[in-house]
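Only one structure is covered here, and it is reproduced in the block below.
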Amino acid sequence: MTQKEDLIAISVGGSLIVPDEINTSWLKDFKTLIENYIDLGKKFIIICGGGKTCRKYQQAAKTLGEVSKDDLDWIGIHATRINAHLFRTIFEKNARAKLARAF
């Protein structure tokens, strides 16, 4: 069983993941940092945001027609999910795929 002090929750804003383009340099450094802590026995919950990707898609939808709040919310949810899926992919050897794919 995981001790509370071994579990760390991190919220990663979408602006870190995709400031303008996918920030592979930052992602590589972040992956190395997290994997170093995993090697020390730490476990992580990483929550990803949608960031600029979300806002760009929402703005495009608004520009192209009348959009409901629900649809704007779903665009945000999907932008967040694509960022989260990128994280699940780069942490594949350590990710609990069953939980990460639950959505």
Exercise for review: Identify the residue in region 75-103 that is within 17 Å of residue 50 (Cβ to Cβ) and at pLDDT below 75 and, among all such residues, is surrounded by the fewest Cβ atoms within 10 Å (Cβ to Cβ).
Suggested key: 103
Review point. Can you name every residue in region 27-79 that is in a loop (DSSP other than H, G, I, E, B) and among the hydrophobic types (A, V, I, L, M, F, W, C)?
Key: 40, 67
Study note, to complete from the structure: Picked from region 53-72 (must be modelled with pLDDT of 95 or more and among the β-branched types (Val, Ile, Thr)), the residue surrounded by the most Cβ atoms within 10 Å (Cβ to Cβ) is 67
**Study point:** Condition check for residue 92: among the acidic types (Asp, Glu), farther than 22 Å from residue 8 by Cβ and without any contact (Cβ under 8 Å) to a residue 24 or more places away in the chain
**Key:** no
Review point. Of these, 8, 17, 34, which one is touching a residue at least 24 places away in the same chain (Cβ under 8 Å) and under 11 Å from the mean Cα position of the chain (by Cα)?
Key: 17
Check your understanding: When the residues of region 16-26 are filtered to those that are in a helix (DSSP H, G or I) and of a type outside the set (A, V, I, L, M, F, W, C), which remaining residue is surrounded by the most Cβ atoms within 10 Å (Cβ to Cβ)?
Key -> 24
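The values are calculated or read from the model by the stated rules, or taken from the named source; none is laboratory data. Since this is a predicted model, take the numbers as computed values, not measurements. A quick note on method: Cβ atoms are made from the backbone with ideal geometry, for glycine too, and the neighbour counts reach across all protein chains shown.
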